[in-house]
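Written below as structure tokens is the structure these notes are about.
The values are calculated or read from the model by the stated rules, or taken from the named source; none is laboratory data. Note that the structure is predicted; figures quoted are calculated from it, not measured. For the accessible areas, the whole protein counts, side chains as well, though only heavy atoms, and no ligand, DNA or RNA atoms are used. Shrake-Rupley method; radii C 1.70, N 1.55, O 1.52, S 1.80 Å.
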Amino acid sequence: MPDSTPVRVVRELAARGYNAEREAVTLLADASDPDAAVERVADAAADDALTIAAADVRNALAADPLDDDALPEDPARDGDGSDSTPGGPAASTAAPPEQGEAPGPDSVVTGGRTPSTGEGTPDAHTADAETDDSTGGDIVDSQETASVSRSETKGVGASRIGSRSPSPPTFGPDITGDSTGTGEYGDFVSVFRDRYERLSKKLRGRVNHRPTDALDAMPGGSDAAIVGMVNDVRSTASGHWLVELEDTSGTFPALVMKDRDWADVVDELLLDEVVAVEGTLADDGGILFADSVHFPDVPRTYRPNTADRHVQAALVSDVHVGSQEFAAERWDAFADWLHTPEAEAVEYLLIAGDMVEGVGVYPGQDEELDVVDIYEQYETFAERLKAVPGDLEIVMIPGNHDAVRLAEPQPAFDEELRDIMRAHDARIVGNPATVTVEGVSVLMYHGVSLDEVIAEHGSPDVSYDDPHNAMAALLKKRHVAPQYGGRLRVAPEERDYLVVDDVPDVFHTGHVHKLGVGQYHNVRLVNSGCWQEQTAFQRSVNIDPDVGTAPIVDLDTLDITVRKF
Ligand code: D5M
Ligand code: FE
Ligand code: ZN
């Protein structure tokens, strides 16, 4: 019997219009002739029944004891040798992930549903980025369990399993439809002024700050504090650090002495972020000797919101449809898994950008395109989306490969693209966006700034292997893309949409194609991997992508299980 028996059982029942309890599916799948057993149970079910319960299966199969073919097989009895082995991959399809369940070669299952820091869990322990307790990033290999034939899964809403009833998500403000930028100098002034005002507010209560132009008039030796945007960081001839801060009235230098035990905080600084520096003015004024540096940060005691029922969200990104490296089989396995009882609590699918490979994104990219027309890429993506159950709520933001402006904040897909992707009625919003599902707020940001943070951040823990540590650094700065210039393009707007005004419960990014799961001051961090195998460019710079990973967040506990397809 093929490994996909439970999946087939689910489909057979769905085709007859029934949902099924998990245990019912297990019983049917374990029957020696599951097809006959499904037939029997369906015949016995009341016409108006919606869900097949385990008891229904037992009753129906017990009703005709003479035909023991359809009864669940005794594991001790000699079978035909090809049946699913209880506890093996097929039998586990309909069971929740458990410790010790046979994972794939590079998969790790740690700690079930309880948060844990068990081995193999992405570790988030850096002093610099201060990510604390990693959540249980349980990794479960779903490749075998979800491998069912494609022909069985066509069509939106093909599955009624689990009768998902997601509530409509709500959204915070994003740039879509509100872009005011004309690209002129004045717009840059206003976006930075807005950033400064909103982030300095978070710091003003914590230090007794003065505007920079008032510092000049203060007597030397006074205690003073500045709340400013980092304008420049350079080392002095004697190895100290000079940090130039800018506020709305001017600039002022702060000196961080190299022998202070917190001096390495300078390594964390990015240009254009807003910080507070406290210290003492030099005797002859003109410079502040720093005693401490403060970030807008997330309170350590932040208590995230949780859903009041058991419901889950799958967090993915970087699908890259249209690339020759698009991992079609893995994506299909994921879509198929969403149809199984195991995935019945997954009611939301959040996609954090790079739906398609795009055209002309990087030099030489056209040589690796499978679909060369951008609209056809979205059409192909839309087809892939149709394999996902129709009763999921889907939320999408664009990424740097998508057909919207590259500069951040990025507006949502335009009408033409929405029309192409209209299957599922996905919620289509800008990048970044805050979406609230079941009371849990998720900050979705594609993640282009992560490249910059990883390159610039002084701590070796902030790396492509641990992208969640770079995410923690962004939360600490309360800005998803602090550094203007470089690789990241920021659009001048009246408002800085990249400021993280409210602390999210979950922060979801993608872009770097690496899996990262962690926690920062109780905010769950998820960088979701990708659905594109290694490209030639990535090979040349040794990027080893995490392909086919789908972190699943329990919205009621915020525990995270990573599914591998
Ligand atoms: O980006 C995937 C990751 O790979 C991200 O960390 C950027 C990096 N990348 C990929 N291609 C290039 C080129 N050509 N130059 C620089 N960095 C690159 P994605 O946005 O999915 O392509
Ligand atoms: Fe990508
Ligand atoms: Zn990207």
| remark: Between the alpha carbon centres of region 197-266 and region 469-543 the gap in Å comes to 27
| field | With DNA, RNA and ligands ignored, accessible area of residue 456 (1.4 Å probe; Å², nearest 10) | value | 90
| message | Using Cα-Cα distances under 8 Å and only pairs 6 or more residues apart, what relative contact order does region 198-294 have, in percent? | response | 32
| Heavy-atom accessible area ranking, 1.4 Å probe, most first, across 273, 368 | 368, 273
| Averaged per residue, what accessible surface does region 231-291 expose to a 1.4 Å probe, in Å²? | 45
| Solvent exposure of region 352-460 as accessible area per residue, Å², 1.4 Å probe | 35
| message | Leaving ligands and nucleic acids out of the surface, order 513, 209 by accessible area at 1.4 Å, largest first. | response | 209, 513
| request: Please arrange 262, 337, 241 by accessible surface area, largest first, computed with a 1.4 Å probe and ligands excluded. | output: 241, 262, 337
| Qualifying lysines (Cα of each under 22 Å from Cα of residue 476; at least 8 residues distant if same chain) | 201, 202, 514
| Heavy atoms of residue 180 accessible to a 1.4 Å probe, total area in Å² rounded to 10 | 60
| said: Strictly greater than 24 Å: what percent of every Cα pair in region 219-364 meets that? | reply: 59
| query | Can you list the HN-Hα couplings for region 242-248, worked out from phi with the Karplus curve (6.51, -1.76, 1.60; θ = phi - 60°), rounded to whole Hz and with x for Gly and Pro? | reply | 10, 10, 8, 10, 10, 10, 6
| message | Need one value: the accessible area of residue 171 in square angstrom, 1.4 angstrom probe, rounded to the nearest 10. | response | 80
| note | Taking protein heavy atoms only, a 1.4 Å probe, and rounding to whole percent, the accessible area of region 232-329 owed to carbon and sulfur comes out at 45
| request: Give the Rg/Rh ratio for region 316-419, taking Rg as the radius of gyration of the Cα atoms and Rh as the Kirkwood radius, to two decimals. | output: 0.98
